[in-house]
1. Let me understand the chain better: what is its radius of gyration from the alpha carbons, and its Dmax, in angstrom?
2. How much FRET efficiency would the formula 1/(1 + (r/R0)^6) give for Ala334 and Ala39, where r is the Cβ-Cβ distance and R0 is 30 Å, rounded to 0.05?
3. Note down the net charge around His328, summing +1 for each Lys or Arg and -1 for each Asp or Glu among other residues with Cβ under 11 Å from its Cβ.
4. Using the Cα centre of the range 268-363 as origin and beta-carbon charges of +1 (Lys, Arg) and -1 (Asp, Glu), tell me which of Ser318, Val295, Val276 is placed farthest towards the positive end of the dipole.
5. Whole Å is fine, so just give me how far the alpha carbon centre of the range 24-54 lies from that of the range 138-212.
6. Compute the relative contact order of the range 1-156 as a whole-number percentage, counting only Cα pairs closer than 8 Å that sit 6 or more residues apart in sequence.
7. Would you mind calculating the relative contact order of the range 109-242 from Cα pairs under 8 angstrom and at least 6 residues apart, reporting the percent as a whole number?
8. Please give the FRET efficiency for Ile127 paired with Lys350, using the beta carbon to beta carbon distance and R0 = 30 Å, rounded to the nearest 0.05.
Amino acid sequence: MNAPAVIPAIVPAIVPPGGTIGIIGGGQLGRMTALAAAAMGYRCHIFCPEPDSPAFAVAAEHTIAEYTDREALGRFADAVDVVTFEFENIPHESVQILADHVVVRPSWECLHISQDRLIEKDFLNGIGIATTAYRRIEGPDMLRQAIAEIGPRAVLKTVRMGYDGKGQVMMKEGMEADDAWARMGGPLGILEAFVDYEREISVVIARGPDGKSVAFEPVENRHANHILDVTIAPANIPAEMAERAVTMATRTVEAMDLIGLLAVEMFVGRDGTLLVNELAPRPHNSGHWSMDACVTGQFEQFVRAVCGLPLGSPERHSDAVMKNLLGHDVDGWAEYLTHPNAKLHLYGKKEARPGRKMGHVNTLYPKGSGPRG
Ligand code: AMP
């Protein structure tokens with residue numbers, strides 16, 4: 001007798017072109033996802049509380065409602081074929097409402113890990129991925145104790161909702177614990193040992209419902225005033241280290257069972273060790289270079305992963321430098337257009353407030369000839 005055909009236990013749900021992708025969050029990441037989705041024949045429906053969100057202008061539909069509005073979330077979920085996020089700080093009850101109606105990728109468990117710096121670091125260490133030393137901080141007394149254990153060179157951060165350096169206090173010798181706690185300004189903190197890193201790198205990795213993952217090459221990130229300023233692709237690190245970084249990202253995305261994109265930010269120690277700083281389960285600012293320098297850019301890859309399509313090649317055909325245009329930097333748009341190898345991306349935001357991400361420019365160089373970090 002012939003052996004029966006092997007039937008996979010879980011048939012990955014595919015959302016074919018023509019379907020509607022629901023995106024939670026309406027910022028530039030949602031906008032660029034919607035543009036990539038449209039190029040592949042999808043419609044997008046954006047859910048965001050702010051009127052005039054950058055993604056609305058390029059999406060088929062939008063809902064303006066709070067992330068806690070159960071009825072609006074239910075109607076939104078019924079109107080789309082799959083839900084994903086460009087903004088992950090939404091209450092998990094809201095994600096569960098969505099998941100009751102429709103496929104949600106990545107799952108709420110993935111968001112839960114990345115929403116909370118303590119859970120994130122516990123998770124990473126639990127799967128054998130190194131981070132800097134850290135302690136949970138509930139008030140100034142615990143902070144004093146943790147400084148005694150970790151040392152005075154440390155960073156105090158809010159456990160939740162911090163981004164772009166907000167809710168962070170760089171601790172120094174002699175700094176008052178009460179002061180630092182008050183400045184951090186959150187109900188729960190994490191004290192991290194300061195990492196005297198040589199450089200910061202990141203890996204953006206995609207994973208589909210079939211469990212296959214593909215990573216973009218590691219890139220170097222430089223910050224100014226705690227906000228990403230420049231990404232240099234590829235990172236100027238030895239091939240062995242790049243391989244190690246991709247292996248760490250792969251292990252993380254698999255352990256999270258994440259479907260979609262995961263950005264893994266890492267510190268490169270002066271001794272060559274890699275420590276993971278942060279995870280983001282969505283397209284990432286440090287992946288914008290790939291839009292113009294790779295066969296498949298991060299937004300197309302995101303759409304492919306979330307919709308269960310085969311992942312594209314992440315191969316880099318050019319070197320690239322991505323520069324963020326913050327606030328009034330955007331006023332220089334005309335100048336960028338005169339550079340033959342510069343690709344300008346603007347987010348359509350009306351008001352150029354200081355530090356606000358208004359756009360970015362990817363400058364391309366023949367492979368192997370770009371500026372090295
Ligand atoms: P984060 O919000 O965790 O991504 O931190 C923002 C930036 O602050 C990082 O990109 C680093 O430049 C710096 N930073 C954060 N944590 C540490 C740390 N433990 N040691 C040294 N620098 C840090």
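Here, each number is a calculation from the coordinates, and none is a lab measurement. No experiment lies behind these values; they were computed from the predicted model shown. Note: ideal-geometry Cβ built from the backbone for every residue, glycine included; neighbour counts use all protein chains shown.
1. Taking only Cα atoms of the chain, I get Rg and Dmax of 20.9, 79 Å.
2. 0.70
3. Numbers: positive: Arg353, Arg356; negative: Asp329, Asp331, Glu351.
Within the 11 Å Cβ shell, the charges total -1.
4. Val276
5. 31 Å
6. Working: 206 pairs, mean separation 26.4, N = 156.
Taking the mean separation of contacting Cα pairs over the length of the range 1-156, I get 17 percent.
7. Value for the range 109-242: 20 percent.
8. Taking R0 as 30 Å, the efficiency between Ile127 and Lys350 is 0.10.
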